[in-house]
Amino acid sequence: MEPFDLAFPNGPPADPEEWTDEQWIAWLEATDADAPDGGGNRPATMGGRVVHSTGGQVLGQSMLGLAYAIYGRRDDEVVIVAEGDSEQGEDEPFTVHLDPDHPERSSVVFRPVSEPPA
């Protein structure tokens, strides 16, 4: 018989609210004694080192390609939109052309700065 079976012969209750936090902690600590030594299963690692295999990389890339084909690529491009309330003046050193329908076609044109009057 396992050590936690002696302390908790029926295991945890069907209704979790029947036990206090201390009882749950005691039960978890008792069941931890049954865990295998050596850290348990660690897939994709050997001795703490990540293993990269050619077959795994090919499989991973093919799965990504299949996901792109089914769902399309994610659009991770961040578009920042800010509205201004002022009119463009002639004294501005740049001109801004915004295309709300196609933000990628927006542009900023800088004019040469004239020397300030002496």
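Within region 31-57, track down each residue that is modelled with pLDDT of 80 or more and either outside any helix (DSSP H, G or I) or more than 23 Å from the chain's Cα centre (by Cα) (or both).
SER53, THR54, GLY55 - these are the residues of region 31-57 that are modelled with pLDDT of 80 or more and either outside any helix (DSSP H, G or I) or more than 23 Å from the chain's Cα centre (by Cα) (or both).
Do you know which of the residues in region 85-117 that are part of a loop (DSSP other than H, G, I, E, B), at pLDDT 75 or above and among the acidic types (Asp, Glu) is nearest to the chain's Cα centre (by Cα)?
Selected residue: ASP101.
The values are calculated or read from the model by the stated rules, or taken from the named source; none is laboratory data. Small disclaimer: the values here were computed from a predicted structure and weren't measured.
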